[in-house]
Structures are given as structure tokens and as C-alpha cells.
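**Student:** My questions will all concern the structure given below.
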Amino acid sequence: MNAILEVRDLSKSFGGIKAVNGVSFDVAPGELKALIGPNGAGKSTCFNMLMGQLEPTSGTVRLQGEKITGLPPRKIWRRGVGRTFQITGTYQSMTVAENVQMALISHHRRLFSVLPYAHTLYRDEALALLDVVGMAEQADRACAILAYGDLKRLELAIALSHNPKLLLMDEPTAGMAPKERINLMQLTADIVRDRGISVLFTEHDMDVVFAHAHHIMVLNRGELIAEGTAAEVRENARVQEVYLGGGTLYAAETEDA
Ligand SMILES: Nc1ncnc2c1ncn2[C@@H]1O[C@H](COP(=O)(O)OP(=O)(O)OP(=O)(O)O)[C@@H](O)[C@H]1O
């Protein structure tokens with residue numbers, strides 16, 4: 001099947017630093033793909049170019065065959081690329097459901113005309129999305145009092161409200177307890193399977209990566225040095241060298257929450 005995302009020879013230099021250097025890869029429909037690498041490898045720079053926050057020095061990005069390189073973030077988002085961030089961005093003064101409703105109102109391009117009665121709009125649709133992420137029972141709670149793991153699930157519901165074809169998740173489990181991380185990624189894997197969307201995520205926790213990613217790419221000093229299944233990447237000598245100076249690449253954390 002044709003790729004959802006095609007990245008070709010993508011590069012970004014900051015002065016003399018080649019943060020991303022000639023990176024090429026595809027993301028297939030319904031694929032859950034991880035981009036891993038040590039600190040400073042170029043993962044965030046890569047994501048920022050895919051989402052339009054950074055202009056590449058060279059290279060192209062295509063979404064379903066159409067070039068999106070150089071488009072502003074909002075246009076890329078409108079074409080069906082969603083993103084979740086390391087630091088969650090929700091409206092603290094609103095309830096859980098209202099946050100999703102706001103996203104749905106924005107998706108339907110009705111933002112300014114409907115604000116006075118926004119709280120009644122798309123409520124059922126919002127509840128359905130909250131059900132997908134296991135948050136329906138918390139629909140009327142204020143965001144300000146949510147546990148961090150619940151905020152991350154809410155963020156996922158907000159991202160889904162734009163009905164993305166591709167979701168970019170930048171360290172989705174950062175700041176979570178080990179058990180919560182596995183749960184969030186299991187939820188993400190279920191969503192990928194059930195809704196047929198593609199997800200590309202960066203992650204430092206190898207437990208999460210090896211347990212859930214269909215395919216893993218390893219970035220080091222701006223270059224892709226390996227890709228494959230969890231088993232292939234785990235056994236790759238270059239990857240082991242980069243991560244642990246030649247040792248075996250085990251999960252970083254294995255204790256329970
Ligand atoms: N705006 C910038 N100006 C100058 N150098 C930058 C800029 N952004 C990133 N870099 C450099 O580019 C390289 C890649 O950084 P990047 O943040 O993409 O790595 P990363 O893999 O996301 O790291 P981490 O896992 O720590 O988030 C690093 O050497 C970084 O210092």
C-alpha cells in the first residue's frame with residue numbers, strides 16, 4: 001500500500017551543526033513507528049520539520065503523495081497530521097469534555113461564531129472520543145485537577161478530534177510512571193489498530209518502544225543508523241554501540257509503578 005508519509009533526504013543545519021542529515025523513511029497506513037536515538041540525535045528537529053515548525057535545509061516531505069515541505073503548521077494540521085507534545089496543552093479552567101469540544105469546534109471551523117454557546121456543541125462527539133481514551137467518566141471534571149496520566153489521555157482525545165491520518169507523538173510518555181507509560185502506549189496501539197491511523201513517535205523508554213512499535217528507526221548524530229523490528233534493532237551492533245558502548249540494549253526501566 002502507498003505510504004501515508006514519505007520523507008526523502010531531509011536535512012537541517014544550525015550553523016555548522018547538522019542536526020538532521022539526509023534522513024529518508026516512509027510511514028505506512030496503520031503503522032505505529034518509533035524514532036529513537038540518544039539525546040541530541042535530531043528527533044525533535046526531525047519532528048519539527050515534519051510539522052512545519054522548522055523549514056528544512058533540504059529534502060522533501062510528502063503526505064499521501066502531496067508535498068507538504070514548507071507549508072505552515074496549521075496547513076499541515078488541516079491536511080491531517082496531528083501532534084501531541086511533551087508538555088500537555090489543555091485549557092485548565094475548562095472541563096475535560098469542553099476541551100475536546102473546543103478542539104471539535106476548531107476542526108469544524110466554527111470557532112468564533114459559536115463561542116457564546118460552545119459548551120453545548122459537539123458534546124456527544126466529545127463524549128465518544130473520551131470513551132475511546134477511557135476518560136468518559138471524567139468528562140465533567142475540571143482539567144486543573146486531573147492526574148498527569150489522565151491529561152495525556154485527554155491530549156490524545158484532543159488530537160483525535162481533528163481526525164488525523166497521521167499522528168506525531170513527541171515523547172508521549174515523558175514524566176509518567178512506568179506502568180502508566182505502558183498503558184498509554186497500549187491505548188495508542190489500540191487506536192492505531194481500530195481507527196487505521198498511522199503514528200510516528202519519539203521515545204526514550206525502551207520498554208515502551210520494544211513492546212509497541214511495529215517498526216523502529218534509530219537516529220544518531222542526525223543520521224539514521226538502523227531500522228527494523230524490535231528484535232532487529234535490539235541485536236544491531238551499531239545501535240548497541242550508540243546506546244551502551246557495545247553492551248546489550250535492554251529496556252531502560254523495568255520496575256512496576
Ligand atoms: N534551534 C537550534 N539552534 C541550534 N542548534 C539546535 C537547535 N535545535 C536543535 N539544535 C541542535 O541540533 C541537534 C539535535 O537536537 P534535537 O533537539 O533535534 O535532538 P533530540 O534527538 O530531539 O534530543 P532530545 O532527545 O534530547 O530531545 C543538537 O545538537 C542540538 O543542540
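The values are calculated or read from the model by the stated rules, or taken from the named source; none is laboratory data. Everything quoted here is computed from the prediction, not taken from an experiment. Glycine gets a Cβ as well: all are built from the backbone with ideal geometry, and neighbour counts include every protein chain shown.
**Student:** Take G175 and tell me if it is outside the structural domain of A103 (by TED's automatic domain parsing) and in contact (Cβ under 8 Å) with a residue 24 or more places away in the chain.
**Tutor:** Criteria met by G175.
**Student:** Continuing with the same structure: Check off (1) within 20 Å of G82 (Cα to Cα); (2) touching a residue at least 24 places away in the same chain (Cβ under 8 Å) for Y122 and give me the number that stays unchecked.
**Tutor:** (2)
**Student:** Something else about it: Quick check: is even one residue across the stretch 61-71 assigned to a loop (DSSP other than H, G, I, E, B) and basic (K, R)?
**Tutor:** Taking every residue of the stretch 61-71 in turn, none turns out to be assigned to a loop (DSSP other than H, G, I, E, B) and basic (K, R).
**Student:** Quick check on this structure: which one of F14, F47 is assigned by TED's automatic domain parsing to the domain that holds I191, near the ligand (Cβ under 10 Å from one of its atoms) and in contact with a Leu (Cβ under 8 Å, 6 or more places away or on another chain)?
**Tutor:** Just a single option satisfies the conditions, and that option is F47.
**Student:** Mind listing whichever residues of the stretch 31-44 are away from the ligand (no atom under 12 Å from the Cβ) and touching a helix residue (DSSP H, G or I) at 6+ places or on another chain (Cβ under 6 Å)?
**Tutor:** Within the stretch 31-44, L32, A34 meet the criteria.
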